[in-house]
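> So that we are looking at the same thing, I have put the structure below in structure tokens.
Values in this text are rule-based calculations from the coordinates and carry no lab data. Just so it is clear, the structure is predicted and the values come from calculations on it, not from any experiment. Cβ sites come from the backbone with ideal geometry, for glycine too, and all protein chains shown count toward neighbours.
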Amino acid sequence: MSSSASEMRFGMVIDVDKCTGCGACSVACMSENNVGVLPDETDKIRSITWLRVYQIDNGQPYPNTQIAFFPRPCQHCAGSQGHHTPCVSVCPATATDRDPKTGIVSQIPTRCIGCRYCVAACPYHARYFNWYDVPWPEGMDKPLSPFVAPRMRGVVEKCTFCFHRYQRAQNKAFTSGEAMGEMDYQTACTEACPSGAITFGDLNNPEHKVHELKKSPYAFRLLERLHTDTAVYYVSAREWVRRQADNYLSGEKLAKVQAGGGH
Amino acid sequence: MNWDRRAFVKFAVGAVVGLNASPLVPKLMDDVAIWTQNWSWVPDPETGAVAFAKSINPATQTGVKARLVKARLSGQRVIRVEGDPEHPLSQGGVLAADAAAPQQSYYQAMRVDAPMVRKEGVRGRVAAEEAVQKVAAKLKALAQAGKASQVAIIADDPFSVTGEMLMRLAAAYGTPNLVFMPSAKQTLALAGGLMFGQGDIGFDLANATYTVSFGTPLLEGFGAPVAVRKAFAAWRKDPMHRATLVQVEPRSSVTASQADLWLACKPGTEGVLAYAMANLMIQAGKVDSAAANAAGFEQFKALLAGEYSLEKASQASGVPADKIKAVAEGFMKAPKAVAVCGPGNSGDPGRLFDFMAVLALNAVKGNLGKPGGLVLRQGVAWKALGGPLDLPGAPRLDGGGKRIMGSYSAYDLAAAALKGQPYPLEALIVVGCNPAFAGPQAKVMRQLIDNTPFVACVSEFMDETAELADVVLPKASFLECWGDCATPYGAAQSFYGVHQPLVSALPQTKSAGDWLLAVAKLLGGKAAEALPFAEAKEALAARAEGLGGLEDLAAKGYWMQEKPAYGFSFKTPSGRLELAPSALGKPAAPAAGVAPSKERPLLMAGIPSLRTGAGGAPMSPYQVKILDEITLAHKDQLVVEINPQTAHAMHLGEGDMVEIASAAGKINARLHLYHGAAPGMVFVPVGLGHTAFGMYLKNKGANFFEAVEVAADPGSGLPQWALTPVSIAKAGGVSHV
């Protein structure tokens, strides 16, 4: 299915040049979605962060070194040119699906049988498996949100673009009789970002800011050559940042790949 | 029916077909999935009506909106702390520390949930009356014995209502030894006081088009961090008309990387570069009239021409001359340029010389009182809690009288009390801060606590200081009590924020003010008279009278100066700008800084980060989760940065476990070779290595402040720990230094 088949396609444009790696988006996401904390979170294979902020650097020696940050939520792939959403196509339990109406890739933990095919299939490491039960010591369970079910051991979880917020916005639109506006549905990370680096909206809707932002000459997506057709765009005026979004040969020109040169 | 083979096969096939056609199989599979996952130990948060309430997090000074759920059985609880889009400073943004605030507030292993008293070495829960009685009885006995001045108080914020109550309590009780944790606000007030005659100044970042930040972590904890980010986002809004940001510091930090230009200077030479840029502007004849008419301008000009020429500054700082020149020219030409100084990367209050050099650069540029420049603030018109009180006559332990404007210093207080000169301490009261961890030289503060016969502490968390105290009084979190905070460091407009109780506090906790009132009441006499309030809320209301009353203030959440005040005036003895302040008699000049030696060949500095925490509060479990493997690795190893060349010269490699030792103490850490680290230095994350706080934080990493060596800043006399000479050796062996 290609992205054009969606009625709406919710997605993000993340300005890497504005991101300061403070982690507010990541923590806001955890608090919104009841993500658990294990006693040891340094093992990043087993630590669950739906939105992880990666630090990269340009590898240049002192004093030309620069760092940048890539906040990475689930990329909500559509798949193009005969390719599928990588995780959806491998799930034997239909625990994950791509909603053609919104373009959001869902995750239903109660259907998940814990086979972790999807974790292996995801090129973005956006899916996490609950290896352990989360301990919720005295008081830690108190700020849990009633709008997202805490997960149990043995299932996979990931970013849902705060789908419960979409449902809430739909309910509001239904009861008020007004159409759902751009600001009615925003993800927790977008709201939290103190630098305004994340913009969220319907990529197909010309009235939404993301529609224009994704057309920037500096916009790119992660691992574009896999034809995952992701819904998360990044923007950076720095070429070395853009180069790290995919595996380029040392002499390869960036522009050629961006033009859709592919394999 | 004859039950033969054919009948059996027909039955079996029928059963299989029938079973598959019925919904039984999918239904049972579904049920199995549900039953096996319906585990009692997975929490089931109770739902209820959702409401929002405004507040402010005093630790980060972010204006927030708490999302409350009013559940039928479990009552009202905060499920999230979100940004408040209507808040003028933070405009909807939050920090990781804000978003994780409910978790931190509710997680009981971190909190002090009941008053505690140590009896025969063992700490136990007691009734509130008993704990307060114990503190009051001790203070009373000391006062009666004429030892009132031998009581010291260390607190976090002099500008909060708790700070003002403490000032009144200390004066009425009779001790001159009230100090607050060191802050860059002190240094800026000193620099402003010396040069302009007034210290309530800020940087109009939101309107600046060219900003040069001298060694301060502009995007990693400066001022109210969200407000600074909002200004930064505005600079980056229009790609065609981007405002320029220049960062001057030795390490490729977040700010340096996000800046348009990074001047990688040698450690401690930021002020030199500010002077060099001012010199270039003077040479180009681009001097504002206020600066040209300043007291001591000729002296200043001669000093700069002699000592801070482009070549000399380039040599001293290691920054190529053309780069310095380019920034000076950019600064000169930009219509709204501002030079910024602030807290150092190690969380230190900054060097007075750097601050004065930066203020001088602004004055030469002529941006004083102009949009996008250095502005005077209106001030917060709160009403004093009462008439002035006589200050006790005993000499201050921190030797405050000897410093310019008598600024306080918690570190000097500790050092003097430990020496017993002029007298030792009999009792120590710590309010809302954690000196046993955050020092600044943690060991000295711990020694002070150990050597003081009686230590009481008002704390929200069971932190390192609380663990050592004789009496611990549990403080409510900002979501649970009334409180306030005033103008963040460097803000262009004066600001005053109020928080109020949104959820019921842990049963035994109170605001710090309420604990102080309880103690003052039992002390009676002057102390009780100085604080004539039944509860801390009354004190807050009395303060808020000058700002339109507490009720209106609480509904809105803040008071803020409408817009930056443009226009500038000098209140110096000469009535002019003083480039050679009368108190100094000459322009500020750097004294010999901290230098590496043969035994300690490297300089250690901190890595400021909003992930490892802001404002000295402990990290919440969610904040620990977002630490990368370049900060904390393999469960509990602190990761420090070193330049690959420096490491190579010392025969050290990536991942080596090392011991970093200064004259004050040592920490163990894991090396990460990072090209952005200045050669000859080692950079250590600040805020890890707690020995308190339960499983998420306890014993994770090592504490930067264990290795910090504090020295007095030659200019201000304030404690200074931006750089500490250290040696590095492979842990368990000797390295080839």
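> Where both partners of a DSSP beta bridge lie in the range B:146-260, what percent of those bridges are antiparallel, to the nearest 5?
Given both bridge residues lie in the range B:146-260, the antiparallel proportion sits at roughly 0 percent.
> Charges on Cβ only, +1 for Lys and Arg, -1 for Asp and Glu, centred on the Cα centroid of chain B; of B:Q91, B:A274, B:V431, which one is farthest towards the dipole's positive end?
After comparing all options, I get B:Q91.
> Sticking with this one: Under unit Cβ charges (Lys, Arg +1; Asp, Glu -1), what dipole magnitude, rounded to 20 debye, does the range B:133-173 have relative to its Cα centre?
Charge dipole of the range B:133-173: 360 debye, to the nearest 20.
> Cα convex hull of the range B:582-677: mean projected area in nm², to one decimal? Present the calculation step by step, with values, prior to reporting the outcome.
Working: hull surface 38.4 nm².
Quarter of the Cα hull surface area: 9.6 nm².
> Let me ask you something else. Shape of the range A:46-155 from its Cα gyration tensor (a ≥ b ≥ c, root eigenvalues): rounded if a/c is under 1.5, otherwise prolate when a/b > b/c, or oblate?
Numbers: a/c = 2.14, a/b = 1.20, b/c = 1.79.
Taking the square roots of the gyration eigenvalues as a ≥ b ≥ c, the range A:46-155 is oblate.
> Follow-up. How do the peptides B:276-282, B:329-335, B:254-260 rank, highest first, by the average count of neighbouring beta carbon atoms within 10 Å per residue?
Numbers: B:276-282: 25.6, B:329-335: 16.3, B:254-260: 23.7.
Top of the packing list down: B:276-282, B:254-260, B:329-335.
> By how many degrees, between 0 and 90 and to the nearest 10, does the Cα long axis of helix B:297-307 differ from the longest principal axis of chain B?
70 degrees
> Considering Cα pairs under 8 angstrom that are at least six residues apart, work out the relative contact order of chain A and quote it in whole percent. Walk me through the numbers before you get to the answer.
Numbers: 477 pairs, mean separation 72.7, N = 263.
With pairs under 8 Å counted, the relative contact order is 28 percent.
> Okay, next question. Go through B:K402/B:K571; B:K666/B:K730; A:K18/B:K563; B:K383/B:K521; A:K215/B:K65; B:K134/B:K475 and tell me which ones have a Cα-Cα distance over 24 Å in this structure.
On the way: B:K402/B:K571 22 Å; B:K666/B:K730 13 Å; A:K18/B:K563 26 Å; B:K383/B:K521 22 Å; A:K215/B:K65 34 Å; B:K134/B:K475 17 Å.
Too far apart for the 24 Å limit: A:K18/B:K563; A:K215/B:K65.
> Follow-up. Which of B:K230/B:K333; B:K185/B:K333; B:K312/B:K586 have a Cα-Cα distance over 23 Å? Don't jump to the answer; show the numbers that get you there.
Values: B:K230/B:K333 25 Å; B:K185/B:K333 30 Å; B:K312/B:K586 20 Å.
Check vs 23 Å cut-off fails for B:K230/B:K333; B:K185/B:K333.
> Limiting things to C-alpha atoms, what are the Rg and the maximum Cα-Cα separation (Dmax) for the range B:334-457, in angstroms?
19.5, 59
> What longest region of chain A stays clear of GluC sites (Glu not before Pro) that DSSP places outside H, G, I, E and B and that have at most 15 other Cβ atoms within 10 Å? Don't skip to the answer; put the middle values down first.
On the way: sites that count: A:E7, A:E138, A:E178, A:E207, A:E252.
Answer - A:8-137.
> Now for a separate question. Note down the magnitude of the dipole of the range B:205-376 about its Cα centre, charges +1 on Lys and Arg C-beta and -1 on Asp and Glu C-beta and zero elsewhere, to the nearest 20 debye.
Values: 17 positive and 13 negative charges, 93 e Å.
For the range B:205-376, the charge dipole is close to 440 debye.
> Using a 10 Å cut-off on Cβ to Cβ distances, tally the other chain neighbours for every residue of A:128-139 and report the average as a whole number. Please report the intermediate quantities before stating the final value.
Numbers: counts 0, 0, 0, 0, 0, 3, 3, 2, 4, 7, 6, 11.
Counting Cβ atoms of other protein chains within 10 Å of each residue's Cβ and averaging gives 3.
> Report, as a whole number in µm² per second, the diffusion coefficient that Stokes-Einstein gives for chain A at 25 °C and 0.890 mPa s using the Kirkwood radius over alpha carbon pairs.
On the way: Rh = 19.3 Å.
D = 127 µm²/s.
> Summing Lys, Arg as +1 and Asp, Glu as -1, what charge do residues with Cβ under 13 Å from the Cβ of A:K101 carry, A:K101 excluded?
Details: positive: A:R9, A:R98; negative: A:E7, A:D97, A:D99, A:D202.
Result for the neighbourhood of A:K101: -2.
> Still on this structure, please answer the following. Quick check on the exposure proxy: order B:W235, B:W39, A:W50 from fewest to most C-beta atoms within 10 angstrom. If you can, show how the numbers build up before the last one.
Details: B:W235 21, B:W39 11, A:W50 24.
Arranged by neighbour count, lowest to highest, B:W235, B:W39, A:W50 become B:W39, B:W235, A:W50.
> Of all DSSP beta bridges located in the protein assembly as shown, what percent are antiparallel, nearest 5?
On the way: 70 of 116 bridges.
For the protein assembly as shown, the DSSP antiparallel bridge percentage is about 60.
> Separate question: For chain B, what does -39500 (n - 2.57) per DSSP helix run (n ≥ 4), summed and divided by total residues, give at 222 nm, in deg cm²/dmol to the nearest 500? Please list the in-between numbers first.
Details: 26 runs with 242 residues, N = 737.
It comes out at -9500 deg cm²/dmol, rounded to the nearest 500.
> Tally Lys/Arg at +1 and Asp/Glu at -1 over every other residue whose Cβ is under 13 Å from the Cβ of B:N434; what's the total? Let's see the in-between values first.
Values: positive: B:R446, B:K475; negative: B:D156, B:E460, B:D463, B:E464, B:E467.
Value of the local net charge: -3.
> Which number comes out as Rg/Rh for chain B once both Rg and the Kirkwood Rh are worked out on C-alpha atoms? Before the final figure, lay out the partial values.
On the way: Rg = 29.0 Å, Rh = 27.6 Å.
Radius of gyration relative to Kirkwood radius: 1.05.
> Another one. Which is farthest toward the positive dipole end of the range B:550-622 among B:A617, B:F568, B:Y558, measuring Cα position about the Cα centre, with Cβ charges +1 (Lys, Arg) and -1 (Asp, Glu)?
Positive-end residue among those listed: B:F568.
> Which of rounded, prolate, oblate describes the range B:40-122, given a ≥ b ≥ c as roots of the alpha-carbon gyration tensor eigenvalues and a/c under 1.5 marking rounded, otherwise prolate only if a/b is larger than b/c?
Numbers: a/c = 2.53, a/b = 1.30, b/c = 1.95.
It comes out oblate by the Cα gyration axes.
> With the dipole of the range B:10-131 worked out from charges on the C-beta (+1 for Lys and Arg, -1 for Asp and Glu) around the Cα centre, which of B:Q61, B:V78, B:V42 lies farthest toward the positive end?
The listed residue farthest towards the positive side: B:V42.
> Let me ask something additional. Normalising by the residue count of chain B, find the relative contact order in percent from Cα pairs under 8 Å and 6+ residues apart. Could the numbers behind the result be given before it?
Values: 1643 pairs, mean separation 125.6, N = 737.
That works out to 17 percent.
> For the range A:127-188, what does the convex hull of the Cα positions come to per residue, in cubic angstrom? Display every interim value, and only then the final one.
Numbers: hull volume 6.3 nm³, N = 62.
Looking at the range A:127-188, the number lands at 102 Å³ per residue.
> Report the Cys residues of chain A lacking a disulfide-compatible partner, meaning no second Cys Cβ under 4.7 Å from their Cβ.
If one checks each Cβ against the other cysteines of chain A, A:C19, A:C22, A:C29, A:C77, A:C91, A:C112, A:C115, A:C122, A:C162, A:C193 turn up with nothing under 4.7 Å.
> Take every Cα pair under 8 Å in the range B:205-376 that's 6+ residues apart, average their separations, divide by the length, and report that relative contact order as a whole percent. Each step should come with its number before you reach the end.
Details: 301 pairs, mean separation 55.4, N = 172.
Dividing the mean separation by the residue count of the range B:205-376 yields 32 percent.
> Then there is this: Can you list the equivalent-ellipsoid semi-axes of the range B:205-376, largest first and in whole Å, using the square root of 5 times each Cα gyration tensor eigenvalue?
Values: eigenvalues 109, 66, 45 Å².
One finds semi-axes of 23, 18, 15 Å for the range B:205-376.
> Volume per residue, Å³, of the convex hull around the alpha-carbon atoms of the protein assembly as shown?
Numbers: hull volume 211.0 nm³, N = 1000.
In the protein assembly as shown, the Cα convex hull volume per residue is 211 Å³.
> Taking neighbour counts of Cβ atoms within 10 Å as a proxy for exposure, in what order, fewest first, do A:H84, B:H675 appear?
Working: A:H84 17, B:H675 20.
Ranking A:H84, B:H675 by Cβ neighbours within 10 Å, fewest first, gives A:H84, B:H675.
> Roughly how big is the protein assembly as shown's charge dipole about its Cα centre, with Cβ charges of +1 (Lys, Arg) and -1 (Asp, Glu), in debye to the nearest 20? Don't jump to the answer; show the numbers that get you there.
Details: 96 positive and 89 negative charges, 165 e Å.
Dipole of the protein assembly as shown, to the nearest 20 debye: 800 debye.
> Separate question: Taking only Cα atoms, what is the 0 to 90° angle, nearest 10, from helix B:512-523's long axis to the longest principal axis of chain B?
70 degrees
> On to the next question. Sorting B:L638, B:L389 on the 10 Å Cβ count, fewest up front, what's the list? Kindly include the intermediate steps, with their values, before the conclusion.
Numbers: B:L638 21, B:L389 15.
The most exposed by this proxy come first: B:L389, B:L638.
> Okay, next question. Angle, helix B:225-235 long axis vs. longest principal axis of chain B, Cα atoms, 0 to 90°, nearest 10?
80 degrees
> Residues of B:87-97, mean number of Cβ from any other protein chain within 10 Å of their own Cβ, rounded to a whole number? Each step should come with its number before you reach the end.
Values: counts 0, 0, 0, 1, 2, 5, 8, 9, 7, 12, 4.
Averaged over the peptide's residues, the number is 4.
> Could you list which residues have their amide H under 5 Å from that of B:M604, counting only those 5 or more apart in sequence or on another chain, with H placed in the peptide plane?
Counting only residues 5 or more places away or on other chains, the set is B:V682, B:T724, B:V726.
> Now for a different question. Residue by residue through B:228-235, how many Cβ atoms from other chains fall within 10 Å of the Cβ on average?
4
> Considering only the other residues whose Cβ falls under 14 Å of the Cβ of B:V455, what net charge follows from Lys and Arg at +1 and Asp and Glu at -1? Don't skip to the end; give the middle numbers.
Numbers: positive: B:R118, B:R123, B:K134, B:K138, B:R446; negative: B:E426, B:D450, B:D463, B:E464, B:E467, B:D470.
Net charge around B:V455: -1.
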